[in-house]
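Encoded as structure tokens, the structure appears first; notes follow it.
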Amino acid sequence: MSIFEIMGPAMIGPSSSHTAGAARIGRMARLLFADKIDRAVVKLHGSFADTAVGHGTDRAIIGGLLGFLPDDERLRGSFELADKQGMEFSLEEVKLREVHPNTAKIELYNKENNKKLEIVASSIGGGRIKVTEINGSPVELTGRMPTLWILHHDRPGEVGIITSILGSYKINIAFMQVYRNRKGDIGSCIIEMDHKPNEYVIKHLENSEDIIQVRYLPRI
Amino acid sequence: MEYATIEELVSLAEAAETSISEIVLQVEVEEEEITEAEIKKSMLANLKVMKDAVAYGRQNNIQTGGGLVGDEALKLGQYLTVAAEAEKDNIYNKIITFALATAEVNAGMGKIVAGPTAGASGIVPAVILAIGEENNLNDQSMSEALFTAAGLGYVVSKKATLAGAAGGCQAECGVGAAMAAGAAVELRGGTPRMAAAAFAMALKNMLGLVCDPVAGLVEVPCVKRNAFAAAHAYTASTMALAGIRSVIPADEVIMAMTEIGDQMPTCLKETSRGGLAVTPTALKIKEELRD
């Protein structure tokens, strides 16, 4: 652990969990969506819902959706900036089951490509976050390491192909999760790595047969 | 080189005949594999954020999320312009003004350095910047003091907690005061052992402090508590410089803090279900804010 985790981070107040963490959740949703966000529906649960306005949790999440980091002073004026950039958004309260008290459910829409993404993420303390659900599937995504989110056809050997490609570029896998909704359907894997993959790695994966989508998520 | 206790940190500094800040810097270089120059640059950037927050908070009436605080530093500054000469120059007044300014900026979605946490972010900068300003110290010296504060806080984070939800406010403002006290000793020319004594004394006196924020916001009692804790840190540093020692060593005080935090009921650990948060006035404020 670095001493800058004690004397830092520089951030927009007032709360590392309710403001900095909230901004990171928004930014993570944006990175996962990787498309223009026409409309965002943000649902706040628990303590996030109870003290959203006072902690700027609502503004921080919208700011994160606009791509702002936790120390960006534009977080404060994110509602106005979202209007300017043509990102529609709505905020509401929700009661989710068995989740951390600081949790948000975010739906993102893009009309042109008819795209939708839904995530559930929690701010788990000190500004750290955890995405616990993507499009209804349980995941565990923290953004503390360079991460790849890959969707692929659920075929035998597919995970092996992915890991060999990474291995051939000398990228070490720290943690990996695989899941799918239905046998033979679309599989999904989340790979946390010790190193940042360059564009060639990502191209290689994208060009691989049976891989549908490759999303690179930098450390946040 | 590594340290897991305050005693180890002091011993390393004594053995190398150097300061705590230098040891903290060197360990960071080894651990994170980043150059000394880069680390120093990052800390100077933190110092800049701290200075800006103080400057803004002193001069502005800040709009905060709950609207329960926002003009404290401004009021204090105005009062001090008309106060008696001796009071104007009082370092304590400077310290509490700076602490209020930073804590208000934090409450108003301004930029601060979370150290040890956002809620307790006013204490360390107040003490270091006020001593720096009083003594015309350069950024380099003040930045070094931030390494000392960080190293002391680092030990606490390894052994205990820095979260109000886990340890109450003693773990946030208490630790912030202890970190600031140690850093103040170094800035004022004291030895590493004196810094450890100041750390211990400051933390001892804030043991048992609960976290009971009104309406769950980082406003009441947090903002003013930062000012009290900062003045408290300076007091501890003066006692340590005079050669006053802490009977209970710093590392044992940290242990006591952990134990007290474990024994503290959940309603007093950042849940806003006890203490000040459930007073009639607080409940009324909470209702009003929800509407």
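The values are calculated or read from the model by the stated rules, or taken from the named source; none is laboratory data. All values reported here derive from a predicted model rather than from experimental measurement. With ideal geometry, Cβ positions are generated from the backbone for all residues, glycine too; neighbour counts draw on all protein chains shown.
Can you name the residue in segment B:231-278 that is out of contact with any Ser or Thr (no Cβ under 9 Å at 6 or more places or on another chain) and polar (S, T, N, Q) and is also nearest to B:P221 (Cα to Cα) among such residues? Taking the candidates together, the pick is B:T266. Scanning segment A:88-121 for residues that are in contact with a Gly (Cβ under 8 Å, 6 or more places away or on another chain) and assigned to a strand (DSSP E or B) yields A:N102, A:T103, A:I106, A:E118. Filtered by the rule that a residue be more than 12 Å from the chain's Cα centre (by Cα) and of a type in the set (A, V, I, L, M), segment B:164-205 gives B:A165, B:A166, B:V185, B:L187, B:M194, B:A195, B:A196, B:A197, B:A198, B:A200, B:M201.
Return yes or no: is A:I124 away from chain B (no Cβ under 14 Å), of a type outside the set (F, W, Y) and either in a strand (DSSP E or B) or farther than 12 Å from A:R39 by Cα (or both)? So A:I124 does not fit the description; no. Output yes when any residue across segment B:96-109 is under 27 Å from A:L69 (Cα atoms), over 16 Å from the mean Cα position of the chain (by Cα), touching a residue at least 40 places away in the same chain (Cβ under 8 Å) and outside any helix (DSSP H, G or I), and no when none is. Yes: segment B:96-109 contains one or more residues that are under 27 Å from A:L69 (Cα atoms), over 16 Å from the mean Cα position of the chain (by Cα), touching a residue at least 40 places away in the same chain (Cβ under 8 Å) and outside any helix (DSSP H, G or I). Just so you know, in segment B:133-163 the residues that are modelled with pLDDT under 90 and under 14 Å from the mean Cα position of the chain (by Cα) include one that is farthest from the other protein chains (Cβ to nearest Cβ), and it is B:L162.
Yes/no per residue for (1) surrounded by fewer than 24 Cβ atoms within 10 Å (Cβ to Cβ); (2) facing another protein chain (nearest Cβ under 8 Å); (3) at pLDDT below 95; (4) on the phi > 0 side of the Ramachandran plot:
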{"site": "B:G66", "(1), (2), (3), (4)": "no, yes, yes, no"}
{"site": "B:L74", "(1), (2), (3), (4)": "yes, no, no, no"}
{"site": "B:T81", "(1), (2), (3), (4)": "yes, no, yes, no"}
{"site": "B:E85", "(1), (2), (3), (4)": "yes, no, yes, no"}
{"site": "B:L100", "(1), (2), (3), (4)": "no, no, no, no"}
{"site": "B:G108", "(1), (2), (3), (4)": "no, yes, no, no"}
{"site": "B:G115", "(1), (2), (3), (4)": "no, yes, yes, no"}
{"site": "B:A120", "(1), (2), (3), (4)": "no, no, no, no"}
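State the number of residues belonging to segment B:47-64 that are at the interface with chain A (Cβ under 10 Å from one of its Cβ atoms) and among the hydroxyl-bearing types (S, T, Y). Residues meeting the conditions: 1.
So which of A:G143, A:G184 is assigned to a loop (DSSP other than H, G, I, E, B) and closer than 30 Å to B:A118 by Cα? The conditions single out A:G143.
Only residues that are within 24 Å of B:I62 (Cα to Cα) and more than 7 Å from chain B (Cβ to nearest Cβ) were counted across segment A:2-18, and they come to 2.
Condition check: touching a Cys at 6+ places or on another chain (Cβ under 9 Å) and β-branched (V, I, T). Does B:V210 satisfy that? Taking the combined requirement at face value, the residue satisfies it.
Do we have any residue at all in segment A:201-220 that's aliphatic (A, V, I, L, M) and modelled with pLDDT under 90? Scanning segment A:201-220, I find at least one residue that is aliphatic (A, V, I, L, M) and modelled with pLDDT under 90, so the answer is yes. Confirm whether A:D38 is among the acidic types (D, E) and either surrounded by 20 or more Cβ atoms within 10 Å (Cβ to Cβ) or facing chain B (nearest Cβ under 10 Å) (or both). Considered against the rule, which asks whether it is among the acidic types (D, E) and either surrounded by 20 or more Cβ atoms within 10 Å (Cβ to Cβ) or facing chain B (nearest Cβ under 10 Å) (or both), A:D38 comes out as no. Tell me, which residue of segment B:192-216 that is within 30 Å of B:K286 (Cα to Cα) and among the small types (G, A, S) is modelled with the lowest pLDDT? Ranking the candidates gives B:G216 first. Number of residues in segment A:162-181 that are assigned to a loop (DSSP other than H, G, I, E, B) and over 20 Å from A:N207 (Cα atoms) equals 2. Which residue is nearest to B:S157 (Cα to Cα), if the candidates are limited to segment B:1-36 and must be free of Cβ contacts under 8 Å to residues at least 40 places away in the same chain, part of a loop (DSSP other than H, G, I, E, B) and of a type in the set (A, V, I, L, M)? Among them, the one singled out is B:M1.
When the residues of segment A:123-146 are filtered to those that are among the β-branched types (V, I, T) and under 17 Å from A:I61 (Cβ atoms), which remaining residue is surrounded by the most Cβ atoms within 10 Å (Cβ to Cβ)? In this case the residue turns out to be A:I129.
Out of curiosity, is B:E288 modelled with pLDDT of 95 or more and surrounded by fewer than 20 Cβ atoms within 10 Å (Cβ to Cβ)? So B:E288 fails the test. For A:R24, the conditions (1) touching a residue at least 40 places away in the same chain (Cβ under 8 Å); (2) surrounded by fewer than 23 Cβ atoms within 10 Å (Cβ to Cβ) all hold with the exception of (2). When we screen A:K111, A:K116, A:K95 for residues that are more than 30 Å from A:M1 (Cα to Cα), touching a residue at least 60 places away in the same chain (Cβ under 8 Å) and of a type outside the set (D, E), the only hit is A:K111. For segment B:182-218, the set of residues classified as within 14 Å of another protein chain (Cβ to nearest Cβ) and touching a Phe, Trp or Tyr at 6+ places or on another chain (Cβ under 7 Å) consists of B:G182 only.
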